[in-house]
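Student: This is the structure I have questions about; it appears just below.
The values are calculated or read from the model by the stated rules, or taken from the named source; none is laboratory data. This one's a predicted model, so the numbers in the text were calculated from it and none came from an experiment. When we count neighbours, we look across all protein chains shown, and the Cβ atoms used for this are built from the backbone with ideal geometry, even at glycine.
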Amino acid sequence: MKYFIVTYGCQMNVHESEKIAGILEKLGYESGKSREDADIIVFNTCAIREGAEDRVLGNIGNLKKLKKKNKNLIIAVVGCMTQKQQTAEYLLRTFPFIDIVIGTFNLSNLGYYIDAVKKGRQLELWEEGDIDETLPYKRTSGENAWVNIMQGCNNFCSYCIVPYVRGREKSRKEENILNEIKEIVKENKYKKITLLGQNVNSYGKDLNPAIPFSKLLHDICAIEGDFKLSFMTSHPKDLTDDVIDAIASEDKIEKFIHLPAQSGNNRILKMMNRNYTREKYLEIIKKIREKIPNCRITSDFIVGFPTETEEEFNDTYSLVEEVRYDSIFAFMYSPREGTVASKMEGQVPQKIKNERVNKLLKLEKRLQKEYKN
Ligand code: 5AD
Ligand code: SF4
């Protein structure tokens, strides 16, 4: 029996697909080479932008043929898209050949759903649960081992669906993280360990007693062995000096920070509910450059946020020029149902979003060229 997993979206999902693979292998499935080859196909979906959802929908549609050929094929759709009840119901209505639809909190029950699938379709998804520490992983990312340190997000940036589909921040116990990393190091297969969380800088605030993220970093670095450590994603409002100091002082930590600015304009930042200003962001960048001279810095930007004017976009443009990032990701704002920004007036026309995103990407190319020379 073979499985095939199709993963969309961020590193968190890539890692969660390793968990899905672990569960399936425990059930006796082996990794298949293609969809045609599989007895179970799992779509691990992303909901961050409309484009991501459209890609999922298009590809699920294509599975109908396979299901016709192989009646016993099990098709499961999991992840951020299916955590939204409306989308889950839409999926089942539109694609009746889907067997299993579960959200982000019930992944650990996948085995149970596969068992039950013969008795009828399952749809049970929205309860928040605890992180299941006992689930096996099948690590598939080469020399890099992902380690999840927390779930969810409390920030409610006004454009973002993540807090709705991943729930509130929940940190894993430090002891469990350290044990997982000791096991990884013992295996001697991985050169790099990457800690994952939507907002890693607020790691440990919800633990009792609370522990700072920098302590976790130092404690991991104290584990004997030859490995490099990195982490993502950092939120500028929570990136404290002790974390910058940890990156500077620990040889094991990669000199790299992904620090999404999202916009360079204070009015837009405020509307995005980001809780920092352009000036504050630049101060943090200055601090990083002073304390960690060769630090690579990358960022995400959203263009065409509701009511964003050309001048306000120019502030984003000038921020990118000023910081001279190693690379950036630029996204066109995509309204997500249920978020505060999706209800705002003054949505920006698609054509203008296109123009702005192209301007940023062109700028990035120019800066990278200058960088290399
Ligand atoms: N529209 C466009 N981009 C978004 N991002 C998050 N939500 C949206 C949205 N609704 C971007 C942000 C974030 C990255 C992972 O995706 O830049 O940092
Ligand atoms: Fe979304 Fe903001 Fe949380 Fe990042 S910090 S996941 S952008 S709400």
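Student: Test L269 against the stated conditions and say whether it is surrounded by 14 or more Cβ atoms within 10 Å (Cβ to Cβ) and more than 17 Å from A341 (Cβ to Cβ). Steps first, please.
Tutor: On the way: surrounded by 14 or more Cβ atoms within 10 Å (Cβ to Cβ): yes; more than 17 Å from A341 (Cβ to Cβ): no.
When the stated conditions are applied, L269 does not pass them.
Student: OK, next. For the subset of region 224-246 comprising residues that are surrounded by 17 or more Cβ atoms within 10 Å (Cβ to Cβ) and β-branched (V, I, T), which member is farthest from ligand 1 (Cβ to nearest atom)?
Tutor: So the residue we want is I244.
Student: Test K369 against the criterion of being surrounded by fewer than 19 Cβ atoms within 10 Å (Cβ to Cβ) and assigned to a helix (DSSP H, G or I), and give yes or no. Full working, then the answer.
Tutor: Numbers: surrounded by fewer than 19 Cβ atoms within 10 Å (Cβ to Cβ): yes; assigned to a helix (DSSP H, G or I): yes.
Yes.
Student: Can I ask one more? Tell me whether region 98-113 contains one or more residues that are in a helix (DSSP H, G or I), free of Cβ contacts under 8 Å to residues at least 40 places away in the same chain and in contact with an Asp or Glu (Cβ under 7 Å, 6 or more places away or on another chain). Step through it out loud before you land on a result.
Tutor: Residues of region 98-113 in a helix (DSSP H, G or I): 107-113.
If we keep only those that are free of Cβ contacts under 8 Å to residues at least 40 places away in the same chain as well, we get 109, 112-113.
Applying the additional criterion that residues be in contact with an Asp or Glu (Cβ under 7 Å, 6 or more places away or on another chain) yields none.
No, region 98-113 contains no residue that is in a helix (DSSP H, G or I), free of Cβ contacts under 8 Å to residues at least 40 places away in the same chain and in contact with an Asp or Glu (Cβ under 7 Å, 6 or more places away or on another chain).
Student: Another one. If you take the residues in region 182-205 that are in a strand (DSSP E or B) and among the β-branched types (V, I, T), which one is farthest from E16 (Cα to Cα)?
Tutor: Among those that are in a strand (DSSP E or B) and among the β-branched types (V, I, T), it is I193.
Student: I've got another one for you. Among the listed residues P293, P306, identify the single one that is surrounded by fewer than 19 Cβ atoms within 10 Å (Cβ to Cβ) and either within 28 Å of K191 (Cα to Cα) or free of Cβ contacts under 8 Å to residues at least 60 places away in the same chain (or both).
Tutor: On the way: P306 fails: surrounded by fewer than 19 Cβ atoms within 10 Å (Cβ to Cβ).
Testing whether each residue is surrounded by fewer than 19 Cβ atoms within 10 Å (Cβ to Cβ) and either within 28 Å of K191 (Cα to Cα) or free of Cβ contacts under 8 Å to residues at least 60 places away in the same chain (or both) leaves just P293.
Student: Take N188 and tell me if it is out of contact with any Phe, Trp or Tyr (no Cβ under 7 Å at 6 or more places or on another chain), at pLDDT below 95, closer than 22 Å to E250 by Cα and not aromatic (F, W, Y).
Tutor: Details: out of contact with any Phe, Trp or Tyr (no Cβ under 7 Å at 6 or more places or on another chain): yes; at pLDDT below 95: yes; closer than 22 Å to E250 by Cα: yes; not aromatic (F, W, Y): yes.
Yes: the conditions hold for N188.
Student: Being among the small types (G, A, S) and surrounded by 15 or more Cβ atoms within 10 Å (Cβ to Cβ) is the filter; apply it to region 142-191 and report the residue that is farthest from ligand 2 (Cβ to nearest atom). Break it down stepwise before answering.
Tutor: Within region 142-191, the first condition is being among the small types (G, A, S), and the residues that meet it are 142, 145, 152, 158, 167, 171.
After this cut, where a residue has to be surrounded by 15 or more Cβ atoms within 10 Å (Cβ to Cβ) as well, the list is 145, 152, 158, 167, 171.
On the way: A145: 22, G152: 8, S158: 9, G167: 11, S171: 15 Å.
Once the filter is applied, the top-ranked residue is A145.
Student: Ok, one more. Being of a type outside the set (A, V, I, L, M, F, W, C), within 18 Å of the chain's Cα centre (by Cα), surrounded by fewer than 17 Cβ atoms within 10 Å (Cβ to Cβ) and at negative phi is true for just one of E50, E30. Which residue is that? Break it down stepwise before answering.
Tutor: On the way: E30 fails: within 18 Å of the chain's Cα centre (by Cα).
None of the others qualify; the one that does is E50.
Student: Output the number of the condition that V165 fails; it satisfies all remaining conditions of (1) within 16 Å of ligand 1 (Cβ to nearest atom); (2) outside any loop (DSSP other than H, G, I, E, B); (3) closer than 29 Å to Y325 by Cα.
Tutor: Against the list (1) within 16 Å of ligand 1 (Cβ to nearest atom); (2) outside any loop (DSSP other than H, G, I, E, B); (3) closer than 29 Å to Y325 by Cα, V165 comes up short only on (3).
Student: Could you list, in sequence order, all residues of region 1-26 that are touching a residue at least 40 places away in the same chain (Cβ under 8 Å) and hydroxyl-bearing (S, T, Y)?
Tutor: Residues satisfying the conditions are Y8, S17.
Student: Still on this model: Is region 247-266 home to any residue that is β-branched (V, I, T), within 13 Å of ligand 1 (Cβ to nearest atom) and crowded, with 19+ Cβ neighbours inside 10 Å? Break it down stepwise before answering.
Tutor: So in region 247-266, the residues β-branched (V, I, T) come out as 247, 253, 257.
Filter again for within 13 Å of ligand 1 (Cβ to nearest atom), leaving none.
Within region 247-266, not a single residue is β-branched (V, I, T), within 13 Å of ligand 1 (Cβ to nearest atom) and crowded, with 19+ Cβ neighbours inside 10 Å.
Student: Next question. Looking at region 140-169, I want the residues that are within 30 Å of N188 (Cα to Cα) and not assigned by TED's automatic domain parsing to the domain that holds S17 and have a partner that is more than 16 Å from ligand 1 (Cβ to nearest atom) and of a type in the set (S, T, Y) with Cβ atoms under 6 Å, at least 6 apart or on another chain. Which pairs are those?
Tutor: Matching pairs, first to second residue: E143/Y190; A145/Y190; I149/Y203; M150/S171; M150/Y203.
Student: Looking only at helices (runs of 4 or more DSSP H) that lie completely in region 249-355, which have at least 3 residues being within 25 Å of the chain's Cα centre (by Cα) and within 16 Å of ligand 2 (Cβ to nearest atom)? Break it down into steps so the answer makes sense when it comes.
Tutor: Working: elements: 266-271, 278-291, 310-323.
Because the criterion is at least 3 residues that are within 25 Å of the chain's Cα centre (by Cα) and within 16 Å of ligand 2 (Cβ to nearest atom), the helices (runs of 4 or more DSSP H) in region 249-355 that meet it are 266-271, 278-291.
Student: Starting from region 348-373, keep only residues that are under 14 Å from P306 (Cα atoms), then list their pairs with residues that are in a helix (DSSP H, G or I) and among the β-branched types (V, I, T) whose Cβ atoms are within a distance under 6 Å, requiring at least 6 positions of separation or different chains.
Tutor: none
Student: When you go through (1) out of contact with any Phe, Trp or Tyr (no Cβ under 6 Å at 6 or more places or on another chain); (2) buried (at least 18 other Cβ atoms within 10 Å of the Cβ); (3) of a type in the set (A, V, I, L, M, F, W, C) one by one for V340, which number turns out not to apply?
Tutor: Checking V340 against (1) out of contact with any Phe, Trp or Tyr (no Cβ under 6 Å at 6 or more places or on another chain); (2) buried (at least 18 other Cβ atoms within 10 Å of the Cβ); (3) of a type in the set (A, V, I, L, M, F, W, C), the one that fails is (2).
Student: Might you let me know whether region 185-194 holds any residue that is in contact with a helix residue (DSSP H, G or I) (Cβ under 8 Å, 6 or more places away or on another chain), within 30 Å of F301 (Cβ to Cβ) and not assigned by TED's automatic domain parsing to the domain that holds E312?
Tutor: Residues of region 185-194 that are in contact with a helix residue (DSSP H, G or I) (Cβ under 8 Å, 6 or more places away or on another chain), as a first pass: 190, 193-194.
Then drop every residue that is not within 30 Å of F301 (Cβ to Cβ), which leaves 193-194.
Retained after the next criterion (residues that are not assigned by TED's automatic domain parsing to the domain that holds E312): 193-194.
The answer is yes; a qualifying residue exists.
Student: So which residues in region 27-58 are within 24 Å of C160 (Cβ to Cβ) and either among the acidic types (D, E) or touching a residue at least 40 places away in the same chain (Cβ under 8 Å) (or both)? Let's see the steps before the verdict.
Tutor: Let us first name the residues in region 27-58 that are within 24 Å of C160 (Cβ to Cβ), namely 43-58.
Of everything in region 27-58, those that are within 24 Å of C160 (Cβ to Cβ) and either among the acidic types (D, E) or touching a residue at least 40 places away in the same chain (Cβ under 8 Å) (or both) turn out to be A47, I48, R49, E50, G51, A52, E53, D54, R55, V56.
Student: Further question: Hey, which of the helices (runs of 4 or more DSSP H) in region 1-85, taking only ones fully inside, have at least 1 residues that are acidic (D, E)? Please lay out each step first, then the result.
Tutor: Values: elements: 11-26, 50-61, 63-69.
Hits in region 1-85: 11-26, 50-61.
Student: What's the number of the only condition in (1) more than 21 Å from R289 (Cβ to Cβ); (2) in contact with a Cys (Cβ under 7 Å, 6 or more places away or on another chain); (3) away from ligand 1 (no atom under 16 Å from the Cβ) that Q198 fails to meet?
Tutor: Looking at each condition in turn, Q198 falls short on (3).
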